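S.K.: Provided herewith is a single structure, encoded as structure tokens, for subsequent inquiry.
Bear in mind that the values in this text are calculations on the coordinates, not laboratory data. Model, not experiment: these values are computed from the prediction. Here the Cβ positions follow ideal geometry from the backbone for every residue, glycine too, while neighbour counts run over all protein chains shown.
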Amino acid sequence: MAKKEYTENQLKFLDALIGDARGDIKLATKMAGYAETTKVIDIVKALKEEIRALSADALTLNSVKASFTLINLLDSPNVEGASHLIKVASEILDRAGVNESKNQEQANIPQGGLLILPAKGSHVSLDINPPVPMQLEKTIELERIDEG
């Protein structure tokens, strides 16, 4: 696959977009030195994949800040707008992929389960002291040997 070549303005645009322009495409265009007559859509079409990658990088960079926002709320839960901060920080962490294991766990939850209950009036006995698995018994024995 051939390596993509960029113009000097395109490189400046990408640097400005993630840097001082902070995502403002029109400002990044101006900072990169594009002519006023240049259509922003033409710049964006040519750099679509790079802009997506920068967006993902921005979320990743800010995931640390989002984590600390949540941690700081543990110490100061009465901060004005705390519920809004929690939602924003959680969204950033989700989109950055930090909560990936949570998303995978939710995907593995069976949907549409059916619970069958015993008939009315029937008696069901439950064994509240289930047998200890063999491996656990061995672990308990080893602990007793270590203690004694």
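S.K.: Within region 1-88, list the GluC sites (Glu not before Pro) lying in a DSSP loop whose Cβ has at most 10 other Cβ atoms in a 10 Å radius.
M.R.: Qualifying residues, ordered by number: E5, E36, E80.
S.K.: Loop-only check: which chymotrypsin sites (Phe, Trp or Tyr not before Pro) in region 1-101 are DSSP coil with at most 15 other Cβ within 10 angstrom? Walk me through the intermediate numbers first.
M.R.: Values: sites: Y6, F13, Y34, F68; in loops: Y6, Y34.
Those satisfying the criteria are Y6.
S.K.: Need one word for region 1-42: rounded, prolate or oblate. Basis is the Cα gyration tensor (sqrt eigenvalues a ≥ b ≥ c); a/c below 1.5 gives rounded, then a/b vs b/c decides.
M.R.: The shape class here is oblate.
S.K.: On a 30 Å Cα-Cα criterion, which of the cross-link pairs K12/K87; K39/K65; K26/K65 come out too long?
M.R.: K12/K87; K39/K65
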